[in-house]
Amino acid sequence: MNPRVDSYIERSNKWPEEMSAVRSVLLECRLEEDIKWGKPCFSHEGANIAILQEMKGFLSMMFFKGALLDDPSHVLIEQGPNSRSAKRIEFTSVADVRRLKKVLKTLIVDAIRVEAAGLTVGAAPTPEFVAELRERLESDATFAKAFAALTPGRQREYNLHIASAKQPKTRVSRIDACAPKVLAGKGFRDV
């Protein structure tokens, strides 16, 4: 047991009992624990398997490669419409953890198998950039070069942010607002 995870759970005011219950199952499966990205993260031989995330209405145990897991019980939930590999289980009580313990162990064993086999989620399809972004890429060589140097995930995140605006004028202003970060080689959420 990692004292950093102990401290995290002790400071929690949302789901400490549920975290402790899930943690016990994860440790029974011989996963190593640490704090990564500010949350309890569980790994096997250095490969991240799952992370606990305290949400407002539930405790989430997210499998990093959940899309590759066999889920005959249908307990895994998509992280969101733009998530490709991660899937989660939601808990709202210790009783949930107890009820799902066998299923949880099966999923953990499968997640270890996926890592040991070196399986990966395929690359995301090349996104169709929104018209205003395409126009900027065609008309501004410096911006286009900087944008091309970003990782595919960062390009996709910028495109999603820009495309979510309903008005063309707003999409153009979002591109202008994001340009300094793009030119600095930063992602949309980078500081």
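Tabulated values for the structure
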{"item": "Flag if V109 is buried (at least 16 other Cβ atoms within 10 Å of the Cβ) and modelled with pLDDT of 95 or more", "result": "no"}
{"item": "Filtered residue count, segment 123-142, keeping only those that are open to solvent by less than 70 Å² (accessible area, probe 1.4 Å) and out of contact with any helix residue (DSSP H, G or I) (no Cβ under 6 Å at 6 or more places or on another chain)", "result": "3"}
{"item": "Condition check for F188: touching a helix residue (DSSP H, G or I) at 6+ places or on another chain (Cβ under 8 Å), of a type in the set (F, W, Y) and modelled with pLDDT of 95 or more", "result": "no"}
{"item": "Qualifying residue in segment 93-102 (condition: surrounded by 13 or more Cβ atoms within 10 Å (Cβ to Cβ) and farther than 14 Å from V25 by Cα)", "result": "yes"}
{"item": "So G80, is it surrounded by fewer than 17 Cβ atoms within 10 Å (Cβ to Cβ), touching a residue at least 12 places away in the same chain (Cβ under 8 Å) and under 29 Å from E157 (Cα atoms)", "result": "no"}
{"item": "Unmet criterion (only one of (1) more than 23 Å from M62 (Cα to Cα); (2) in a helix (DSSP H, G or I)) for V191", "result": "(2)"}
{"item": "Filter result for V114 (touching a residue at least 60 places away in the same chain (Cβ under 8 Å), surrounded by 18 or more Cβ atoms within 10 Å (Cβ to Cβ) and farther than 30 Å from V182 by Cα)", "result": "no"}
{"item": "Members of segment 142-174 that are touching a residue at least 40 places away in the same chain (Cβ under 8 Å) and aromatic (F, W, Y)", "result": "F143"}
{"item": "Hits in segment 133-176 - residues which are of a type in the set (V, I, T) and either touching a strand residue (DSSP E or B) at 6+ places or on another chain (Cβ under 9 Å) or not in a helix (DSSP H, G or I) (or both)", "result": "T151"}
{"item": "Identity of the residue in segment 148-175, more than 20 Å from R84 (Cβ to Cβ) and of a type in the set (D, E, K, R), that ends up surrounded by the most Cβ atoms within 10 Å (Cβ to Cβ)", "result": "R171"}
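The values are calculated or read from the model by the stated rules, or taken from the named source; none is laboratory data. Bear in mind that the values here come from a model prediction, so they are computed numbers and not experimental data. Quick reminder, even Gly has a Cβ in these numbers, built from the backbone with ideal geometry, and neighbours come from all protein chains shown. Areas reflect the complete protein model, heavy atoms only, side chains present, ligands, DNA and RNA absent. Shrake-Rupley method; radii C 1.70, N 1.55, O 1.52, S 1.80 Å.
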